[in-house]
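Engineer: First the structure, which I've put down as structure tokens, then a few questions once you've had a look.
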């Protein structure tokens, strides 16, 4: 990554994800948030949320908008080039985490449920409200509409977080 960008967010379309995981739900995409420190956070979202996901990620992850780039280009945000070889390596990394498939299936079911019931999918899924200034503000209290297991998940941090092998080894040595 260049010195100006600390976070690179790569959007992976549902069609590409279906090549990685058998049973990946249609219309569920993935955002891979790569930091200059070597961490990778994966966030699933519905294709219909494409227009708002960049701003939501910046708010929910507490990212600095000026130090965050998106691939492909998102209006109002910085972008950078992303090589095909880098994309292949990223897809291999994503494919090494089968838990993300379960999260995508759960997200798809809850999103569909919200639409069928005439509810706002963002509210049902416990996503940060549009006016939330930070992840801390949005994460104070899980959405009461969520089932108990999802509220517990939200309280425990919710999304999987990857870190480099090097970071895990350093933590193990320190502990």
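Please treat every number below as a calculation from the coordinates, not as lab data. These numbers were taken from a predicted model, which means no experiment stands behind them. A quick note on method: Cβ atoms are made from the backbone with ideal geometry, for glycine too, and the neighbour counts reach across all protein chains shown.
Engineer: How big is region 1-112 by the Kirkwood estimate over distinct Cα pairs, in Å?
Structural biologist: Evaluated over region 1-112, this radius sits at 14.3 Å.
Engineer: Quick one: if you stick a label point 7 Å off each Cα along the C-beta vector at residue 36 and residue 84, how many nm between them?
Structural biologist: 2.9
Engineer: Which order, highest average first, do 84-95, 41-52 follow once you tally other Cβ atoms within 10 Å for each residue and take the mean per peptide?
Structural biologist: 41-52, 84-95
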